[in-house]
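Quick notes on the structure that follows.
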Amino acid sequence: MVDAIRLRDDEVHEEPAVSLDSFLDQSNATAVRIEAGEDARHLLPFLDRLSLIEIDFTTFGDGRGYSSAQILRESGYTGELRASGDVLVDQIAYLKRCGFDAFAPDSPINPRLMEEALNRYEHVYQATTDSRTPIWKLRHG
């Protein structure tokens with residue numbers, strides 16, 4: 001795994017993330033890691049005290065992490081939301097739209113390609129946590 005890429009300006013959270021099961025069994029952790037298939041909704045009562053939630057992508061084709069991010073952001077989570085694992089540059093813009101603001105990919109991502117991916121499309125088709133107006137709404141009000 002390479003160093004995390006952050007799209008945030010706040011202080012980097014240094015505490016290692018504990019597993020979801022470990023987090024639910026203790027009361028003092030401020031960073032948690034959700035593995036593929038685990039239910040992010042278990043964290044909803046604790047969002048106000050978490051500084052980092054890391055969601056693992058075991059394969060780039062597994063979309064469950066997108067849903068977890070959406071659930072957490074819609075529930076009010078404002079801390080760092082990090083996508084880790086098999087994260088590809090092609091996914092960065094979509095991950096960001098669902099609420100991810102940090103990435104810890106297994107393989108390095110070229111910063112220039114990432115910037116291009118984030119700025120490639122002026123318009124979007126769906127509403128999500130980033131509050132961008134979908135193109136159909138721009139066209140039809």
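The values are calculated or read from the model by the stated rules, or taken from the named source; none is laboratory data. Since we're looking at a predicted model, the values are computed, not measured. Positions of Cβ are backbone-derived with ideal geometry, glycine not excepted, and every protein chain shown enters the neighbour counts. For accessibility, only protein heavy atoms count, side chains too; no ligands or nucleic acids. Shrake-Rupley method; radii C 1.70, N 1.55, O 1.52, S 1.80 Å.
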## Note on the structure
Given the candidates GLY99, GLY76, THR128, the one whose Cα lies deepest towards the positive end of the charge dipole of the chain, counting +1 at each Lys or Arg C-beta and -1 at each Asp or Glu C-beta, is THR128
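What is the magnitude of the charge dipole of region 62-141 about its Cα centre, with +1 placed on the Cβ of each Lys and Arg, -1 on the Cβ of each Asp and Glu, and no other charges, expressed in debye to the nearest 20? Please report the intermediate quantities before stating the final value.
Numbers: 10 positive and 11 negative charges, 75 e Å.
The dipole magnitude comes to about 360 debye.
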#### Entry: Residue-normalised accessible area of region 24-141, expressed per residue, 1.4 Å probe, Å²
55 Å²
### Task
At 0.36 nm per residue, minus the direct Cα-Cα distance, what do ASP25 and TYR121 gain on full extension? Give it in nm, one decimal, please.
30.3 nm
### Message
Could you compute how much accessible surface SER107 exposes when probed at 1.4 Å, giving the result in Å² to the nearest 10?
### Response
70 Å²
### Query
Which one, (1) 33; (2) 30; (3) 23, gives percent of Cα pairs over 24 Å apart as derived from the coordinates shown?
(2)
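Of the heavy-atom accessible surface of the chain (probe 1.4 angstrom), what whole percent is carbon and sulfur?
Carbon with sulfur: 49 percent of the solvent-accessible area.
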### Message
Given points 7 Å out from each Cα along the Cα-Cβ axis, report the GLN70 to THR58 separation in nanometres with one decimal.
### Response
2.2 nm
